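None of the figures in this text is laboratory data; all of them are computed from the coordinates on show. The shown structure was predicted, so the numbers you read here are calculated from the model rather than taken from an experiment. A quick note on method: Cβ atoms are made from the backbone with ideal geometry, for glycine too, and the neighbour counts reach across all protein chains shown.
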Amino acid sequence: MAIPIPENHPAAIARIEKTQLTFLQLVWLRFKRHKMALAGIISLILLAFFAIVGTAFTTEAYSNVTDTSIRLMPPSQEHPFGTDTVGRDILSRTIYGGQISLMIGLVAMAVEVVVGVLIGAIAGYYGGIIDSLLMRFTEAMFNIPQIPLLLVLGKLLADKVPPLNLFGREFSGSVVVIIAVIGLTSWMGLARIVRANFLSLKEREFVTAALCIGTRNGPIIFGHILPNTMAPIIVSATLGVANAIINEAYVSFLGVGVMPPTATWGNMLNGAYQYIESAPWLWIFPGLLIVLTVLSINFIGDGLRDALDPHSLVGSE
Amino acid sequence: MDPLLEVRNLKVQFTTLEGMVHAVNGVSFQLEKGKTLGIVGESGCGKSVTMLSVMRLIKEPPGRITEGEVLFQEQDLLKLAKSSMHEIRGAKIAMIFQDPMTSLNPVLTIGHQISEALVVHWGIGKEEAFKKTLELLEMVGIPQTKERYKDYPHQFSGGMRQRVMIAMGLSCKPEILIADEPTTALDVTIQAQIVELTKKLQSQFGMAVIWITHDLGVAAEIADKMIVMYAGFVVEEADVYEIYENPRHPYTLALLKSLPRVDRKKHDRLANIQGSPPDCIQMPPGCPFRPRCGFGVERCEHENPGLMPVAKGHKMACWVDVTTGRPQ
Amino acid sequence: MGRYIVRRLLQAIPLLLIISIAIFLLLQSSGDPLATMGGRRTVRPEDRARLARQLGLDKPVYMQYFYWLAGNDWVKLDINGDGISETTGTRKGVLRGDFGTSLVSRGKSALSLIGERLPNTLILMIPAEIIMLFCALSIGIYSALRQYTWVDQVVTTGSFIGYSMPIFFIALASMYLFAVNFRKWGLPYLPTVGMFDPKVGKTFGQVMLHMVLPIFSMSVVSVSAYSRYVRSQMLEVNNQDYIRTAHAKGLTERQVLIGHALKNAAIPIVTLVGIEIPFLLGGAVVTETIFGWPGMGRLFIDHLTRSDTPVVMGILMLISVAVVVCQLITDIVYAWLDPRIRYS
């Protein structure tokens, strides 16, 4: 015999009407708490603005014009960021270089995410010998330190790819090389996480249910399990962009990354340490831009990680 | 005779993203020396938080004890300096918890964890602590004490681990033992053993016990007095026999009615309490149980009944006399 | 536990093999060593063929790999192209430590070059690691214990910024500030290039002085990253039930921290440190380049840009072996520290 609820009781009605916050609302609420993550979004937008809108004020050809008579000039009205060792205007180089650096970051991240998720998902879902093989391979890749590997691959493949023509601009083939190389050496961490998640998620009942009604493996992997493991993928992707930008900078700085005349923030720093006393503007501007970009992305990634974490549904840190 | 422990009007809040959670809303009760108090209520009603607050184990952000007094041995525990609480915890008042697997440190031997309290509170040497620990292990029914002293928590079964927890709690012969759902994670046969063990040790040591549970059956076995909690309030308080024979609060009634019973007819349906657990962020004025109560009257909407005496040693918080269905 | 060790050892061997194959194949396609061997003169076809046979380049890839690993001084090669194998090879193979001769520094074996530079890297890295560990542990633990206070906020934000910075920026900025500008302002300044001042000689004081800026630059990033990890481990441990039990027993904060929390937090931290160590050898490329430190990182990049395959392969192999070995040791230490694994 159930104890009846009085039907029109306001508290009862209110209880039913009051919706719990939806998942996305909760995520946004948590994200908003991170002031720095919000600052990161704003600053990233500004930087993207700089790199994209800047092209309205100067052309790429201009950024590559060399004029040794005005080399190493400090910031002035005509060259707000100064000129570099062969007289190129640094401001326009940072604008175009920014586009390349950001693009490398995004595309390399895409490569990394695709490879990492595929390998992790297949290894985790099928298990058995496929899992063993893939994981041995992943571990082997993991054990080769990334920067030396990047350097070697960068040097190796540098002249193997011809210059590209995209959107009416010419890119040195080394851009493609760098994207591929960074992407192909950064996927291991994500693969491990995805695999771990797949291993546990595939035991869940919704997978058994899908299998029972005859769903094939492909749709199960991509339609059922994968959406449930989006959180670490999103966080990893975000931080992956930052890592790719830093890695590109490291490699280009050492001279085996993107080759001139295509500018990137990283290769603008190449050799700048020889002029540290005489021409600090050579490295301050591109350096600061890299730092700001990476910082913003990292803040956003950190905010996302906290916001998406299903374990912390209460407000304690 | 003065009660051993008296809690007066305890209020505890937690700050969360969704708002301020009012976990404990003016809880008061007394514990007599050597007696057992059972605290019963559904998950989330504030029973654990109440006892953790007594021990001052609530993390200050996000939690906060906003009001109340906890009187023990002529001191208000809530006003004591933190350093003084160290001397009370473990030595005068001990607490054991629900899940013995996570409540024991996995990288320390159980022997060490038991003797630790002895060394810290009694200042005795390692040798003596070792001997006393072996005695304790034997007392709680763990065989081969010498070998098992050096074992780690993962090498024990659930029931054995809970015995270890009990040994740890009792090591310094506290005056009060607080047991927070110690048998919930164990299966029924082990449950019975643990309850027996606790009763035996209680009479041996003469200590008072506070046993928190949501299982009415267990509470009936071990408690002398019971309080029923709902939404952070105490809604009924009485002797254990009185509560089971003469429940006077609608919630208690409902709880008892929902117990599966051997003597019921075969096709009787299991009763349940309609509605869902209360939202402790936006508390309605008036009685917290009103939305799910079958006895409500006008008054219940606006005024929250506090605990009112209704018979000797029996208090409850309701405007309605459930025996007649009419307001008091 | 013993079986665990044996299993890990057995896993490590094929891993090393795979890595060596990967590295070998990688560098096989890295350009034509013969082109550089002859110096600036064009090489006559006969000489080219002879060189090819001498270097074993006329053999199929898997044979080349095999000789690279095991050497060829125990077989006879056909050097003069007449179809008869008569000369014994001269290489001892990687397994015996022979990585070949440098293509850039004529006459010197790759191993000896690495051997010259390795101590320099260690001199820089070992103190660096100790300092970084100490700072990271202190900051991380302190910050975790003082969660929600302003100290924690400052540390969290600061370390976040710190580990997002690319090393070269910090290196350049610190050079700019502490060396260039300090000098301009008449303050005592720090040196920025090399391991010691050639005018003064390689003294202990000189080396110490020159280590300051490189270690500082590396530390900003590493300490930030490590301390975040330490902090999060401590926080996680502190939220565990057994810590609540420890408090309930009446232990003081300090007793809980040292006796219970640290013991648990140490395990993942030790693991992290163990894995990080070998990367010190490889990750210092940028730092050594900027500060002109004559270590393995510099060697690597210098010889890479000049396509000196034997040296590059040697360094890569060395680092990879170090990584695998360190990981193995770390796993064993981890298994030993955690009783749940040790006694199962």
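Structure data summary
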| quantity | calculated |
| --- | --- |
| Radius, Kirkwood style, for the range B:146-265 when every pair of distinct Cα atoms is counted (Å) | 16.1 Å |
| Gained length - C:Arg44 relative to C:Phe204, 0.36 nm times residue gap less alpha-carbon distance | 52.4 nm |
| Rg and Dmax of the range A:130-183, Cα atoms only, in Å | 14.8, 46 |
| Loop-resident sites, the range A:132-221, for chymotrypsin sites (Phe, Trp or Tyr not before Pro), counting at most 10 other Cβ within 10 Å (DSSP) | A:Phe167 |
| Sequence-separation-based contact order of chain B, relative, with Cα cut under 8 Å and 6+ spacing, percent | 20 percent |
| Cα-centred dipole magnitude for the protein assembly as shown, charges only on beta-carbon of K, R (+1) and D, E (-1), debye, nearest 20 | 1240 debye |
| Of A:Met73, A:Gly214, A:Val27, farthest towards positive along the dipole that unit charges on Lys, Arg, Asp, Glu beta carbons give the protein assembly as shown | A:Met73 |
| For the range A:206-310: rounded, prolate or oblate by the Cα gyration tensor [a/c cutoff 1.5] | prolate |
| Angle in degrees between helix A:188-201 and the longest Cα principal axis of chain A, rounded to the nearest 10 | 10 degrees |
| Cα gyration tensor shape of the range B:44-128, rounded if a/c is under 1.5, else prolate or oblate by comparing a/b with b/c | oblate |
| Stokes-Einstein D in µm²/s, Kirkwood radius over Cα pairs - the range C:172-220 at 10 °C with 1.306 mPa s viscosity | 143 µm²/s |
| Mean Cα-pair separation over length for the range C:134-219, i.e. relative contact order, pairs under 8 Å, 6 or more apart, % | 21 percent |
| Shielding by partners - mean other protein chain Cβ count within 10 Å, residues of A:252-258 | 4 |
| Loop trypsin sites (Lys or Arg not before Pro), the range B:87-170 (other Cβ atoms within 10 Å of the site Cβ: 14 or fewer; DSSP) | B:Lys150 |
| For the range A:145-221: Kirkwood Rh in Å [reciprocal of mean 1/r, alpha carbons] | 15.9 Å |
| With at most 12 other Cβ atoms within 10 Å, longest stretch of chain B clear of loop GluC sites (Glu not before Pro) (DSSP) | B:75-302 |
| With Cα atoms, 0 to 90° folded angle of helix C:204-238 axis to chain C main axis | 60 degrees |
| 10 Å Cβ neighbours from other chains, averaged over peptide B:12-18 | 4 |
| Average other protein chain Cβ within 10 Å of Cβ, residues C:233-245 | 4 |
| P(r) of the range B:16-92 over all Cα-Cα pairs, binned every 10 Å from zero, in whole percent | 14, 49, 31, 5, 0 |
| Distance violations [Cα-Cα > 30 Å] among B:Lys33/B:Lys146; B:Lys199/B:Lys315; B:Lys79/B:Lys257; B:Lys200/C:Lys263 | B:Lys33/B:Lys146; B:Lys79/B:Lys257; B:Lys200/C:Lys263 |
| Exceeding the 31 Å Cα-Cα cut-off - candidates A:Lys155/C:Lys59; B:Lys11/B:Lys35; B:Lys225/B:Lys266 | B:Lys225/B:Lys266 |
| Two-site label geometry, C:Tyr148 and A:Ile130: point separation in nm, points 7 Å out along Cα→Cβ | 4.8 nm |
| Degrees between helix A:128-143 axis and first principal axis of chain A (Cα, 0 to 90, nearest 10) | 30 degrees |
| Reach of B:Lys126 by Cα under 19 Å, taken over aspartates and glutamates that are not fewer than 8 positions away in the same chain | B:Glu116, B:Glu135, B:Glu138, B:Glu147, B:Asp151 |
| Under 14 Å, Cβ to Cβ, from B:Lys92 - net charge with Lys/Arg +1 and Asp/Glu -1 | +2 |
| Environment charge of B:Pro309, counting only residues whose C-beta is closer than 11 Å and scoring Lys/Arg +1, Asp/Glu -1 | +2 |
| Span-rule helices in chain B, defined as complete DSSP H runs reaching 20 Å or more along the axis (Cα) with Kyte mean at least -1.0 | B:188-205 |
| Computed [θ] at 222 nm, helices only, for the protein assembly as shown once each DSSP H run of length n ≥ 4 contributes -39500 (n - 2.57) | -17000 deg cm²/dmol |
| Unit charges at the beta carbon, dipole of the protein assembly as shown: most positive-side option, B:Leu118, B:Gly206, C:Val286 | C:Val286 |
| Whether the range A:76-228 is rounded, prolate or oblate, judged on the alpha carbon gyration tensor where a/c under 1.5 counts as rounded | prolate |
